[in-house]
Amino acid sequence: MTRDAEKTSFPWMTGQVGTPAGEVPVVSTKLTWADHAGSWRVRCGIGRGNYAVPPGLYALGSPGAGSPVLVTANYKLTFDRVRRAVDGQNAWLLVLDTKGINVWCAAGKGTLGTDEVVARVEAAGLAKVVSHRTIILPQLSASGVAAHMVKRRCGFQAVFGPVRVEDLPAFLAAGSEATPEMRRVTFPLKDRLILTPLEGLTVVRHPAFLAVLGLWVLNLSGLKFFYLDGPAIIGTAFVGTVAVPALLPWIPGRAFAWKGWLVGLAWAVIVCRFRGVPAALAGGWPAALSYVFLLPAFSAFLAMNFTGSSTFTSLSGVVREMKYALPLIIVSAALGIAAMAAGLFLK
């Protein structure tokens with residue numbers, strides 16, 4: 001083994017290769033059904049905090065002293081994507097201890113930083129394993145890593161690779177040169193939708209959401225606590241966690257909360273239209289107004305949560321949006337509650 005902590009055998013390890021720094025585990029570049037099942041499990045928020053691999057040096061294929069060194073996080077979902085992307089390549093994979101957090105988030109939180117890179121290079125005895133002095137880091141780690149400090153402290157030049165791991169083979173084939181397209185951060189529909197299961201399940205498991213649905217059940221029994229019904233609430237949760245991410249580029253405005261409020265308003269209008277405002281609504285116009293203010297407030301809050309999943313936002317941008325959006329969301333919700341109370345009183 002290298003000077004990293006000794007690794008327990010895992011199904012994705014296929015053997016070991018000897019190096020001047022010790023034995024290095026060889027990692028399969030083929031994902032199994034268990035890997036895919038684990039991926040979907042954590043995307044649904046199950047066991048996400050423990051989905052990590054031991055940090056250290058691994059071998060992909062049959063690397064030698066001149067093979068490239070790829071650096072990544074120890075979040076297993078990231079680890080799996082990297083090893084699958086370089087199928088057929090001979091490379092070393094240096095896995096950092098990012099506390100089970102993905103590259104982008106770890107760089108922002110500080111767990112993927114200059115200190116960790118330098119410490120892991122030295123712990124792996126990388127200078128003995130390879131004859132060159134270059135390591136390739138993900139571009140999205142650049143906010144946490146100072147390349148010049150890595151060079152000064154451990155002697156290895158840090159080169160930032162492409163944004164998307166799928167471009168790694170082409171990047172390596174081009175002599176570690178990235179095209180402008182490889183440097184461009186995109187957030188297409190597929191990437192947005194793949195994040196929605198976690199967002200949605202987080203909402204439906206929340207005690208407040210369950211409590212509201214419980215009140216709706218009581219409404220069905222004849223105890224009229226409020227006008228908002230179960231389908232309207234569930235639909236609003238869908239709007240904030242799925243519809244807004246899906247329609248993100250086409251919704252007017254920049255703030256996620258504003259986008260969520262607009263789509264929530266459209267949903268409230270649809271609900272009122274099919275409920276038949278004002279005659280078919282038990283509370284008349286006050287009930288309709290409760291939909292118009294409360295549903296958008298709920299979807300705006302849920303949409304604002306999505307800022308942490310998007311590379312379109314920064315920490316300062318999120319803080320600024322929360323500063324201005326939360327009070328407005330509270331005002332919208334308060335107006336909806338007031339309209340609901342008025343409807344109950346007038347009734």
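So here's what we get for this one:
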{"read-out": "Test for Arg133: is it surrounded by 15 or more Cβ atoms within 10 Å (Cβ to Cβ), assigned by TED's automatic domain parsing to the domain that holds Arg81 and basic (Lys, Arg)", "value": "no"}
{"read-out": "Index of the failed condition, Val42 passing every other in (1) outside any loop (DSSP other than H, G, I, E, B); (2) among the β-branched types (Val, Ile, Thr); (3) closer than 20 Å to Leu172 by Cβ", "value": "(3)"}
{"read-out": "Pairs with Cβ under 7 Å, 6+ apart, first in segment 59-78 and assigned by TED's automatic domain parsing to the domain that holds Val24 and farther than 23 Å from Asp115 by Cβ, second surrounded by 20 or more Cβ atoms within 10 Å (Cβ to Cβ) and among the charged types (D, E, K, R)", "value": "Leu60/Arg83"}
{"read-out": "In segment 45-77, the residues that are over 20 Å from Val103 (Cβ atoms) and outside any loop (DSSP other than H, G, I, E, B)", "value": "Ala59"}
{"read-out": "Segment 86-121: number of residues that are part of a helix (DSSP H, G or I) and of a type in the set (Asp, Glu)", "value": "2"}
{"read-out": "Test: residue in segment 89-98 that is at pLDDT below 95 and surrounded by fewer than 22 Cβ atoms within 10 Å (Cβ to Cβ)", "value": "yes"}
{"read-out": "Given (1) part of a loop (DSSP other than H, G, I, E, B); (2) without any contact (Cβ under 8 Å) to a residue 24 or more places away in the chain; (3) over 30 Å from Arg43 (Cα atoms), index of the condition Thr186 fails", "value": "(3)"}
{"read-out": "Boolean, Thr196 is modelled with pLDDT of 75 or more, farther than 26 Å from Thr29 by Cα and of a type in the set (S, T, N, Q)", "value": "yes"}
{"read-out": "Count of residues meeting criterion [surrounded by fewer than 19 Cβ atoms within 10 Å (Cβ to Cβ) and over 20 Å from the mean Cα position of the chain (by Cα)] in segment 161-171", "value": "2"}
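The values are calculated or read from the model by the stated rules, or taken from the named source; none is laboratory data. This structure is a prediction, so every number in the text was calculated from the model and none was measured. Here Cβ is always computed from backbone atoms with ideal geometry, including for glycine, and neighbour counts include all displayed protein chains.
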